[in-house]
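What follows is one structure encoded as structure tokens, with my remarks underneath.
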Amino acid sequence: MNAGAATAQDVDARQLIGSSEPADWRLAPLSHAEALDEKAVALKRVLENEAIAEIKRRQERHDAAAGEQQAMYKRYGRLEIYFGAAAAILGAIVLMSSGAASPAPLAETLRLVLLVVQVLCTAGLLSVKYLMKQVQPFLKWQRERAAAESARVELFETVCGLTGRKWRDAEQPGDFPLLPLQLEYFVRYQLLVQLKYYGERGAEHAKAAGRYVSGGAVLTFVAVFAAGAAGWSQEFGDTIGLASLAALMAPVLLNAQTSLSRLNQDERNAARYAITFEHLDRLRGKLDEVREKARAGLEEPVHAFIRSVNEIISVEHSEWLTQQSSQQARLEAAAETE
């Protein structure tokens with residue numbers, strides 16, 4: 001550390017990086033560089049480097065592709081659920097109505113219309129299932145999301161000097177030390193952003209999962225009550241048909257609701273995000289200690305802290321990439337034996 005940099009330690013690096021803002025989740029190194037205090041010129045040189053811009057462009061490509069595949073997967077998934085539920089319910093109605101001895105012409109016409117709609121729903125269901133199998137939007141979504149998050153981690157690790165690029169030339173005599181700036185940049189635009197994301201999104205998923213549980217309980221009650229009512233006696237007259245219909249529809253709707261919850265991954269994400277938030281928050285408690293190391297110019301503990309945060313964030317995507325590699329290896333091995 002040079003003499004000019006030592007005198008700069010009277011200034012807090014957090015002041016030069018600035019406080020958190022709602023738009024910090026956007027990965028915009030050039031905009032961040034423009035907003036930096038003039039004393040943070042060493043970090044500004046790093047953020048304006050073409051290597052950082054290239055990583056950002058790669059992250060944006062994968063992020064956009066992941067968004068498209070996610071939207072396609074959820075659109076196909078919802079259609080599959082809706083078509084399946086509609087076909088099952090319409091089939092039950094048609095089956096029950098066919099038991100009438102001499103149905104009125106209007107009732108017979110209505111039954112035929114419902115039968116046609118059921119056939120169309122079944123055809124739609126099979127078509128969507130075929131598209132899901134051929135296009136595989138879920139696999140592509142996860143692959144692109146993993147690539148986008150890997151690029152995001154790579155960007156922060158490159159900015160902070162954890163990769164082959166150490167930025168020894170970025171800090172000039174008299175500049176504010178680069179290491180504390182790198183740490184505070186990482187804290188603001190990665191650690192705090194991820195804490196906010198996992199905290200808020202985890203709560204949203206937990207709330208949505210709770211709604212599905214409550215709705216499922218209601219549908220289960222309706223199914224059990226209606227099935228019991230249908231079997232009690234024949235004294236209810238025509239109302240027994242309604243009870244039987246309700247007994248048939250409620251399980252179908254319950255299954256559809258469960259499938260929607262699984263499609264949105266609310267329960268799984270709520271639990272996973274809560275765990276991730278807890279781990280990140282525990283690391284945030286070590287920030288004062290790490291900041292002292294950064295002010296002392298000790299790279300190793302600072303880099304270890306950054307790696308720890310990124311590893312927690314990347315666990316899900318690392319597991320996905322590992323599974324993909326294993327699956328690809330198995331496919332290649334099977335192809336060689338053929």
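The values are calculated or read from the model by the stated rules, or taken from the named source; none is laboratory data. What you see is a predicted model; the values in this text were computed from it and never measured. Glycine also receives a Cβ, built like all others from the backbone with ideal geometry; neighbour counts cover every protein chain displayed. When the accessible area is computed, the model is the full protein with side chains, heavy atoms only, and any ligands, DNA or RNA have been set aside. Shrake-Rupley method; radii C 1.70, N 1.55, O 1.52, S 1.80 Å.
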7 Å from Cα along Cα→Cβ at both E50 and Q136: what's the point-to-point distance in nm?
3.6 nm
Length added when fully stretched, L112-L287, from 0.36 nm per residue minus Cα-Cα:
56.0 nm
State the three equivalent ellipsoid semi-axes of the stretch 47-174, derived from the C-alpha gyration tensor as the square roots of 5 times its eigenvalues, in descending order and whole Å.
59, 10, 9
Would you kindly find the accessible area of K207, with a 1.4 Å probe and non-protein molecules such as ligands, DNA and RNA excluded, rounding to the nearest 10 Å²?
140 Å²
From phi via Karplus (6.51, -1.76, 1.60), per-residue ³J(HN,Hα) for the stretch 46-57 in Hz, x at Gly/Pro:
5, 5, 8, 6, 5, 4, 5, 5, 5, 5, 4, 5
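What whole-number value in Å² describes the accessible area per residue of the stretch 38-154 for a 1.4 Å probe?
On a per-residue basis, the stretch 38-154 sits at 56 Å².
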Rank S20, V135, L115 by how far each Cα sits towards the positive end of the charge dipole of the stretch 19-177 (+1 on Lys, Arg Cβ; -1 on Asp, Glu Cβ) and give me just the farthest.
L115
Quick check: from the Cα gyration tensor, does the stretch 146-189 come out rounded (a/c under 1.5), prolate or oblate?
oblate
